[in-house]
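The values are calculated or read from the model by the stated rules, or taken from the named source; none is laboratory data. For clarity, every value in this text was computed on a predicted model and none was experimentally measured. Reconstructed Cβ throughout: ideal geometry from the backbone, glycine too, with neighbour counts over all protein chains shown.
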2 protein chains.
Amino acid sequence: MLDLEQFLPYRLSVLSNRISNGIARTYEKRFGLSVTEWRVIAIVGRYPGVTATEVAERAAMDKVAVSRAVSRLLDSGLLERHDKHADRRAKRLYLSAEGGAIHDAIVPAALAYEHDLLETLEPEERRRFLDSLERLAEAAERHA
Amino acid sequence: MLDLEQFLPYRLSVLSNRISNGIARTYEKRFGLSVTEWRVIAIVGRYPGVTATEVAERAAMDKVAVSRAVSRLLDSGLLERHDKHADRRAKRLYLSAEGGAIHDAIVPAALAYEHDLLETLEPEERRRFLDSLERLAEAAERHA
DNA sequence: CGATATTAGTTACATTTGAAACCATTTTCA
DNA sequence: TGAAAATGGTTTCAAATGTAACTAATATCG
C-alpha cells in the first residue's frame with residue numbers, strides 16, 4: 001500500500017514547491033521576475049558570458065524555457081547578449097547594470113531564506129542532511 | 001555570491017523533478033496518466049470514498065487541478081463517483097475495477113523506485129535524512 | 001425563520017509549459 | 001572537399017496550470 005503523504009517523491013515535491021514559492025515571493029512582486037527568469041539571472045550573474053545552452057545545463061532547465069526567459073530579460077533590459085566569435089550560432093550572456101543591481105538585491109534575501117531554513121537543523125544534522133541529499137541526487141541521476 | 005548548484009532550494013527542485021520524472025515514466029507511457037492523475041489515483045486508492053476537496057488537501061494540489069484530473073479519470077473510466085448523502089454538493093470518489101488494477105500495477109513500481117533510492121543511504125543515515133526532511137518541511141510551512 | 005457567509009465543485013480566460021519542427025551554423029568523416 | 005550528422009537557438013502548436021468568477025448546496029447567526 002502506498003501512503004502518498006509518506007512517499008519520498010511526493011514529500012520532496014511538496015517541500016520543493018513550498019520553498020520555491022516562498023523565495024519567489026521576494027522577487028516576483030518586487031521585480032516582476034518568474035522563477036525561470038530569476039534562475040537565468042542567477043546563472044549569468046555567477047558565470048558571466050555563458051551561452052544559453054550552458055545556462056540550460058547548469059540550471060537543469062529546458063533550452064526552450066531558457067530561450068524564452070532570455071528573450072524576456074533582453075526585452076526588459078536586464079540581460080545583454082554579445083556574439084561569441086568562436087561560434088556564430090552561440091551568443092554570450094551578461095547582466096546589464098540594471099540586471100546586476102537586481103541580482104545583487106535578490107541574492108542576500110535568497111541566502112537569508114536558505115539560512116533560516118537550514119538553521120532549524122543542528123550543524124551536524126545539517127551537514128549530514130546535505131550530504132545525503134547529494135547522494136540521493138546522484139542515485140536519481142544514475143537511475144534516470 | 002550565490003552558487004545556484006549549491007543552493008538548497010535549487011537542489012531540492014532538481015532532485016524532486018528528476019525523481020518525479022523517473023517515476024512518471026513508469027505510468028505515463030503505459031497508462032497514459034499525468035502526474036496529477038496518478039496522484040489522485042494514489043489518494044483515492046488509499047482513502048476510498050474521499051471527496052475531491054479532501055484529495056486536494058491530502059495531495060497538496062489545487063482544487064481546480066483535482067477537478068480536472070477527476071473529470072479526465074471519470075471519462076477514461078478509472079474513477080467512479082457517488083453521492084455523499086450527508087452533503088449534496090460533495091461526491092465520494094472510488095477507483096473503478098480498471099482504476100484499481102492500474103493502481104495496483106503502479107504502486108509496486110513506485111515503491112521499488114523509492115526503495116532503490118533510499119537504499120543508497122545507510123539505515124541510520126536514511127532515518128536521519130527523513131527526519132531532517134520533515135523538520136525542514138515544517139520550517140518551510142511556518143515560513144510561508 | 002431568513003439573510004449572509006461559507007463550502008464543494010466547475011467553468012472561463014490568460015499564462016506557462018513541453019514536444020516537435022525548424023533555421024543557421026559547425027562538425028564529422030568517407 | 002562535401003554530404004550527412006550534430007549543435008545553438010527560436011518558433012509553433014497543443015496541453016497543463018493558476019486565478020478569478022461562477023453555481024449549487026449548506027452552515028451561521030441575528
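Every residue, every condition in (1) within 16 Å of DNA strand C (Cβ to nearest atom); (2) modelled with pLDDT of 95 or more, yes or no:
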position: A:R89; (1), (2): yes, yes
position: A:E98; (1), (2): no, yes
position: A:I102; (1), (2): no, yes
position: A:A110; (1), (2): no, no
position: A:E122; (1), (2): no, yes
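Region A:58-144 holds helices (runs of 4 or more DSSP H) entirely within its bounds, and those carrying 3 or more residues that are more than 26 Å from A:L33 (Cβ to Cβ) map to A:123-143.
Looking across region A:73-92, the residues that are more than 14 Å from A:Y47 (Cα to Cα) and within 13 Å of DNA strand D (Cβ to nearest atom) come down to A:L73, A:L74, A:D75, A:H82, A:D83, A:K84, A:H85, A:A86, A:D87, A:R88, A:R89, A:A90.
Taking B:L15 as meeting all but one of (1) away from DNA strand D (no atom under 11 Å from the Cβ); (2) closer than 22 Å to A:L2 by Cα; (3) more than 14 Å from every other protein chain (Cβ to nearest Cβ), write down the number of the exception. Here B:L15 clears every test but (3).
For region B:93-109, the count of residues that are more than 16 Å from DNA strand D (Cβ to nearest atom) and under 30 Å from A:R126 (Cβ atoms) is zero.
In the condition set (1) closer than 30 Å to A:Y113 by Cα; (2) more than 8 Å from chain A (Cβ to nearest Cβ); (3) touching a residue at least 24 places away in the same chain (Cβ under 8 Å), B:K84 is compliant with all but (1). Being within 18 Å of A:F7 (Cβ to Cβ) and of a type outside the set (K, R) holds for only one residue in B:A69, B:A86, B:A52, B:A97, and it is B:A69.
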